[in-house]
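Data block below; observations after.
Every number in this text was worked out from the coordinates using simple rules, so none of it is lab data. Predicted model, so just to flag it, every value in this text is computed and none were measured. We place every Cβ from the backbone using ideal geometry, glycine too, and count neighbours over all the protein chains shown.
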Amino acid sequence: MFDFFVSSVLDTGDVIVEEFYTLAQVTTGEQLIDKSRFIGIAVPLATLEQIEQAMEKIREDYPNARHYVYAYRLHDGFIEKASDDGEPQGTGGRPVLDILQQRNVWNVLLVVVRYFGGILLGTGGLSRAYRGTARQIILEANLKRLTLYEIYTLRVPYEWFELLKYQLDQRTWIIDKEEFSEIIRLHVHVPAQETELFKKWVDDFTRKQVQYEELGSAWE
């Protein structure tokens, strides 16, 4: 049995990944290779506790299988883990994890259940079978893209409201909420890579007559 565990911050030249894909719903599929059944199950989730629960359910749904090979990726903490579950080292979990990494899929558990058909596939055959099943599942899955947004609240004088709202609507900046009192508060979601551009634009366009405050961030 071979397990490996990785916790890392993904970046390219110090730029942290600002978007990723995840599953919209549970996805399953099956391949029959030399009399062995390879059943793939991909489950969207976000915590280690949910992974434990999902693994327990999969073992109940597919009892008495020879192997339950799996890989998972959790975006919170950039946690990755894979298991060969008794297959020769590196022939199961690693190929499954490779598919998730190549597709930039996070917050997912992908299990490939194998019912042995009596024919030995060899290490190369096993790797191709597990990788192929994982690839089939991800290709058939309904993936949704999540982008990191920074959330700002803008304090907008009434005389600026209509013009500013129109200009924001022309861009990728999303007005999530409008609050009217003695001054108007706009909650605006800005893609993380555009925050400096956004702040400079607000200052320049309104001649600093509109103040803003950063509230936090969210994946959407």
Set K165/K199; K165/K200; K57/K81; K165/K208; K35/K81 screened for pairs whose C-alpha atoms are more than 23 Å apart:
K35/K81
Ordering of 48-58, 76-86, 115-125 by burial proxy (mean other Cβ atoms within 10 Å per residue, highest first)
76-86, 48-58, 115-125
Contour minus Cα-Cα span, K200 to Q170, at 0.36 nm per residue, comes to 9.2 nm
DSSP-defined beta bridges in the range 3-141 - what % are antiparallel, rounded to 5
95
With Cα springs under 10 Å, the Gaussian network model of the chain assigns the largest mean-square fluctuation among Y158, Y21, Y149 to Y158
Estimated inter-spin distance, Q102 and E18, nm [label 7 Å along Cα→Cβ]:
2.8
Gyration tensor verdict on the range 147-219 (Cα atoms; rounded if a/c is under 1.5, prolate if a/b is larger than b/c, oblate otherwise)
prolate
For E52 and L163, extending 7 Å from Cα along the Cα-Cβ vector and measuring point to point gives, in nm, a value of 5.9
Kindly rank 90-100, 165-175 from highest to lowest mean number of other beta carbons found within 10 Å of each residue.
90-100, 165-175
Roughly how compact is the chain, stated as its Cα Rg over 2.2 N^0.38 Å to two decimals?
1.36
